[in-house]
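The values are calculated or read from the model by the stated rules, or taken from the named source; none is laboratory data. The structure displayed is predicted, hence computed values, not measured ones. Quick reminder, even Gly has a Cβ in these numbers, built from the backbone with ideal geometry, and neighbours come from all protein chains shown. The protein model used for the area step is the full one, side chains on, heavy atoms only, and it has no ligands, DNA or RNA in it. Shrake-Rupley method; radii C 1.70, N 1.55, O 1.52, S 1.80 Å.
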Amino acid sequence: MPQEPRRWWILATVALAQLMVVLDATIVNIAMPSAQHDLGFSDNDRQWIVTAYALAFGSLLLLGGRLSDLIGRRTTFIIGLVGFAGASALGGAAQSFDWLVGARALQGAFGAVLAPAALSVLTTTFTEPRERSRAFGVFGGLAGAGGAIGLLLGGFLTEHFNWRWTLYINLFFAILAVIGAMTFLHSARGEKQKLDIVGAVLAGAGLFALVFGFSRAEPAGWSSLQTWGPLVASGVLLSLFVVRQLVAGHDALLPLPVILDRNRGAAFLGILIAGAGMFGAFLFGTYYMQTQLHYSPWQTGLAFLPQIVLLAGFAQLSTNVLLPRLGPKVMVPIGLALAGLGILSLARIGVGSTYAADLLPGLAVMGIGMGLAMPAAIQTATLGVRQDHAGVASAVVSTAQQVGGAIGTAVLNTLATTAATRYVTTHATSRPPSPDVLLHGSLTAYTTAFAWSGSIFLVGALVTALVFRRRSATIAQRVAAPVPASVPEPV
């Protein structure tokens, strides 16, 4: 098959869009205190700045991926870019809390259109194995590093401009990406198929209920109807969605062979677990540096820079050298295990801990592990997919990462808050508790979050090592081009 002559320009365009979507999940975190002061919302309300984005993004991704297959990847890509930029501008101009939350939800909705279109463009553009590895090394590196880059960029913009620029910056990314899309992407329409509206409603409602239920765990508690009610509803809705896909046939929103291939299923699981552990580590690492080490937003962002560099470097080493030789069964579990050990080392922090001695080594090991695992998992998750299913397969990748991040953040936040409350209640000898007790309570929260986050990664390493096929073909040996539409996918 002839290679697309403008494929490296296409990679640059797609990578820019991917970076914009991924970093937006964390870039607002550092700006949150400034936005809260400016708009006057409460501590209880601030979670919705993050949750609104995650709810819309996670619940609409499968629909967005299917639209990419049906109306064409170029068209969907541009619609996603323009909509995401418009929602970002709306959020940057927010004059109230409700305004900002609505804009963040709109960002998430257009992100759900953009993210799978970006990955499916990459999947169908790079068909030569060696070049495909390089391209996915870049893309996978951005998927893993985007959260840390968001912290770095968010710190710079908040400290040197103001919090609104953490949203306005997306306009510059989007303009460049739209120019690239108009110039380099082909206009191609997908096969004529019916959109599975029933499946879209069931999937969207099920994923929404899943993320919403976990997001209520910290403020309402696990025993609250607000928490377990949506989780039960999610289980019912997603079960009905699977049944619907079995009977929908050719028009299914998520053709089940996309996820039932054993290697792809293991890759999706690895991405889900990495998202759950990674975003929680970023969140609590940011809190620790700003509240305990008294770093400014910009200093906090810079503190993650070594991790970003290592992640990007090992992403290229993984996809170009190690993955073709060792395969995903080795690379993904090893990467997750290293990331887990790096985060577990952060659970040793204490009152006298320093960045260089106690944080940097763990962050560095985590960066190496993510660089080894994420590109390998993403490339395996989209390898061998039929061309007319590339969009929805890409959507599952983004869904796994985003839903994993939302669930992981909610669960870790609940565990950390509970641990801090228990410590203060047990050790306080006065009312209000002494500053020393409150300090150690906060440290208990951080160490608990890091310990559980590291454990999530280690469990993921074990599970993926068991699920990946034992003698699976390596990336270099398998056919890198998407499977033609006439050839059934393996189950």
For this session: Can you check what the net charge comes to around F268, using other residues whose Cβ is under 12 Å from the Cβ of F268 (Lys, Arg +1; Asp, Glu -1)?
Result: +1
Seminar exercise, completed: In cubic angstrom per residue, the convex hull of region 257-343 built on its Cα atoms measures 104
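Applying a 10 Å radius around every beta-carbon, put 306-317, 347-358 in order of their mean neighbour count, most first.
Ranked from most to least packed, the peptides come out as 306-317, 347-358.
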Problem set entry | Within the accessible area of the chain (1.4 Å probe), percent carbon and sulfur | 68
Exercise. Over the chain, what is the relative contact order in whole percent, taking alpha-carbon pairs under 8 Å and six or more residues apart?
Worked result: 23
For this session: Restricting things to alpha carbons, tell me how big the chain is in terms of Rg and Dmax, in Å.
Result: 21.5, 75
Exercise. Once you treat every alpha carbon in region 339-451 as an equal point and sum by Debye, what is log10 I(q)/I(0) at q = 0.13, 0.19, 0.20, 0.23 Å⁻¹?
Worked result: -0.68, -1.03, -1.08, -1.21
Exercise. Excluding ligands, DNA and RNA, what is the solvent-accessible area per residue of the chain at a probe of 1.4 Å, expressed in Å²?
Worked result: 38
For this session: Compare the peptides 225-238, 266-279, 452-465, 169-182 by average per-residue count of other Cβ atoms within 10 angstrom and give them in order, highest first.
Result: 266-279, 452-465, 169-182, 225-238
For this session: Percent of Cα-Cα pairs per 5 Å bin, from 0 to the last occupied bin, for region 220-296, please list those.
Result: 3, 12, 10, 11, 19, 14, 12, 8, 5, 4, 2, 0
For this session: Take T13, T75 and sort them by solvent-accessible surface of the protein heavy atoms, 1.4 Å probe, largest at the top.
Result: T75, T13
Seminar exercise, completed: For region 198-263 the translational diffusion coefficient, Stokes-Einstein from a Kirkwood Rh over Cα pairs at 37 °C and viscosity 0.692 mPa s, in µm²/s, is roughly 258
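Would you mind computing the Rg to Rh ratio of region 1-129 from its alpha-carbon coordinates, Kirkwood style for Rh? Kindly include the intermediate steps, with their values, before the conclusion.
On the way: Rg = 16.5 Å, Rh = 15.5 Å.
Radius of gyration over Kirkwood radius for region 1-129 works out to 1.07.
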For this session: For an R0 of 51 angstrom, estimate the FRET efficiency from the Cβ-Cβ distance between L225 and T354 and round to the nearest 0.05.
Result: 0.70
For this session: Compute the label zone of L305 within region 148-164: residues whose backbone N is under 20 Å from the point 7 Å along Cα-to-Cβ.
Result: 148-162
Seminar exercise, completed: At 20 °C and 1.002 mPa s, the Stokes-Einstein diffusion coefficient in µm²/s for region 170-306, with hydrodynamic radius from the Kirkwood sum on alpha carbon pairs, is 111
For this session: Determine, from the Cβ-Cβ distance of S239 and R130 and an R0 of 56 Å, the FRET efficiency 1/(1 + (r/R0)^6), rounded to the nearest 0.05.
Result: 0.85
